[in-house]
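The values are calculated or read from the model by the stated rules, or taken from the named source; none is laboratory data. As the structure is a computational prediction, the values presented were derived from the model and not from experiment. Quick reminder, even Gly has a Cβ in these numbers, built from the backbone with ideal geometry, and neighbours come from all protein chains shown.
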Amino acid sequence: MIIAIDGPAGVGKSTVAKLLAARLGFLYLDTGALYRAIAWKMLRETVSLTDHERVASLLQTTSVHMQFHNGSMQVLVDGVDVSGELRTPDVTSAASVISAVPAVRDWLLPVQRQIAQRGSVVAEGRDIGTKVFPTASVKFFLDADATVRAERRHRELVAAGHTGGIETTYQNLSGRDMRDRNRAIAPLVPAADARPIDTSQLNIEQVVDRMMAAVSAVS
Ligand code: DC
């Protein structure tokens, strides 16, 4: 069974997807981590993100794997665990840019589908319901006010030790939103059959409860 969750940055996708996966006993597939892994490699190899030919050629000698152990996930790039290095501001920004490159999206499509062959998954990203798993059993599209999302993301960053102001967080988030929603290939849009959930006024448990109710209704 595949459950698809899409939505913009800071909407709470990862948190609720992880909880939903734990409640259901499914794998949690964080597809953003795969884009981040490619971005990490391109930054390490100092490839210009606008040089699409070079990006595509480097992908031919790149491997990205996900491993799951007791609810936690590791991302391996060329056999090396880079999980701890994927959430830096540089990788975050590069992932947003690189995710608009068609060769990157094409390359990651089978990677994501192969992971879902290991068992039932809750998959989270931007194009899960529209492109990666269009026949998913249940699809959700989460959204929330941009200011609420920036506040949430800022709290996470502060907890992780970052010292930037909320204004910077808001600008970064809005920039990623613009790129993710307006790119030519696989833009962030709700699938026609996705269930919309506005999380602006809901807490995590309320969102997960709504999702559980929808999943129970189809299974
Ligand atoms: O969900 P995230 O913030 O970890 O995603 C990082 C970037 O990857 C995000 O800016 C957009 C891109 N992405 C995507 O284009 N498609 C996905 N399915 C997942 C992420």
Which listed residue, of ARG87, ARG126, ARG181, is within 12 Å of the ligand (Cβ to nearest atom), in contact with a Pro (Cβ under 6 Å, 6 or more places away or on another chain) and in contact (Cβ under 8 Å) with a residue 40 or more places away in the chain: ARG181
Strands (runs of 3 or more DSSP E) contained entirely in the stretch 1-116, each with at least 1 residues that are under 30 Å from ASP145 (Cα atoms): 2-6, 27-30, 72-77
Selected residue (only one of ALA116, ALA100, ALA123, ALA94 is closer than 24 Å to LEU173 by Cα, in contact with a strand residue (DSSP E or B) (Cβ under 8 Å, 6 or more places away or on another chain) and not charged (D, E, K, R)): ALA123
Residue in the stretch 17-40 that is more than 29 Å from LEU202 (Cβ to Cβ) and among the aromatic types (Phe, Trp, Tyr) present: yes
Search result, residues across the stretch 76-94 that are hydrophobic (A, V, I, L, M, F, W, C) and closer than 20 Å to GLY164 by Cα: LEU86, VAL91, ALA94
Any hit, the stretch 110-130, residues being in contact with a His (Cβ under 8 Å, 6 or more places away or on another chain) and modelled with pLDDT of 95 or more: no
Residue match in the stretch 45-57 (condition: in contact with a strand residue (DSSP E or B) (Cβ under 9 Å, 6 or more places away or on another chain), within 13 Å of the ligand (Cβ to nearest atom) and in contact (Cβ under 8 Å) with a residue 24 or more places away in the chain): no
The stretch 100-112, subset out of contact with any helix residue (DSSP H, G or I) (no Cβ under 7 Å at 6 or more places or on another chain) and touching a residue at least 24 places away in the same chain (Cβ under 8 Å), residue farthest from the ligand (Cβ to nearest atom): PRO102
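This table checks each residue for (1) surrounded by 13 or more Cβ atoms within 10 Å (Cβ to Cβ); (2) more than 21 Å from ARG181 (Cβ to Cβ).
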site	(1), (2)
THR62	yes, yes
PHE68	yes, yes
GLY79	no, yes
LEU86	yes, yes
ASP90	no, yes
SER96	yes, no
SER99	yes, no
ARG105	yes, no
Odd one out for ARG23, checked against (1) over 21 Å from ASP180 (Cβ atoms); (2) within 10 Å of the ligand (Cβ to nearest atom): (2)
Within the stretch 90-99, considering residues that are within 8 Å of the ligand (Cβ to nearest atom) and among the hydroxyl-bearing types (Ser, Thr, Tyr), the one farthest from GLY12 (Cα to Cα): SER99
Any hit, the stretch 113-121, residues being on the phi > 0 side of the Ramachandran plot and either away from the ligand (no atom under 13 Å from the Cβ) or hydroxyl-bearing (Ser, Thr, Tyr) (or both): yes
